[in-house]
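Some notes on the structure that comes next.
The values are calculated or read from the model by the stated rules, or taken from the named source; none is laboratory data. The structure displayed is predicted, hence computed values, not measured ones. Methodologically, a virtual Cβ is constructed for each residue, glycine included, from the backbone with ideal geometry; neighbour enumeration extends over all protein chains shown.
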Amino acid sequence: MSRHKLPKTVTTIIAAYGPAAIPNNTEYVGKKVYGRQGSQFENVAGEITGTSLCRLEGCGGTRLHVKWPDGQRTYPCGKGCTVKADGSLRIR
Ligand SMILES: [Zn+2]
């Protein structure tokens with residue numbers, strides 16, 4: 001059997017089952033995330049405490065682990081966020 005690069009779908013499946021093997025993306029960790037514009041959370045800032053790969057098939061984005069001031073945690077995809085002028089993010 002010749003050596004081939006693993007097809008992308010296989011690497012995506014491996015990533016989905018071993019998220020702990022993927023280091024936090026330092027580009028995101030520690031940054032603030034604001035709620036959707038026009039929503040009641042527009043001016044509420046959460047903090048990115050870690051990242052993993054987005055599990056949506058074929059997305060390849062970075063899943064953000066966000067801790068909100070009320071202690072709740074959500075996991076939006078980085079591809080669903082816009083970057084504000086100050087470097088913080090906003091959920092679209
Ligand atoms: Zn995604």
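Close contacts from the range 65-84, counting a first residue that is touching a residue at least 40 places away in the same chain (Cβ under 8 Å) and a second that is small (Gly, Ala, Ser), with Cβ to Cβ under 6 Å and a gap of 6+ residues or different chains, come to GLY78/GLY61.
Summed over the range 39-68, the residues that are more than 9 Å from the ligand (Cβ to nearest atom) and either touching a strand residue (DSSP E or B) at 6+ places or on another chain (Cβ under 6 Å) or part of a strand (DSSP E or B) (or both) give a count of 13. A single member of GLY60, GLY71 is exposed (fewer than 15 other Cβ atoms within 10 Å of the Cβ), at positive phi and modelled with pLDDT of 95 or more, and it is GLY71.
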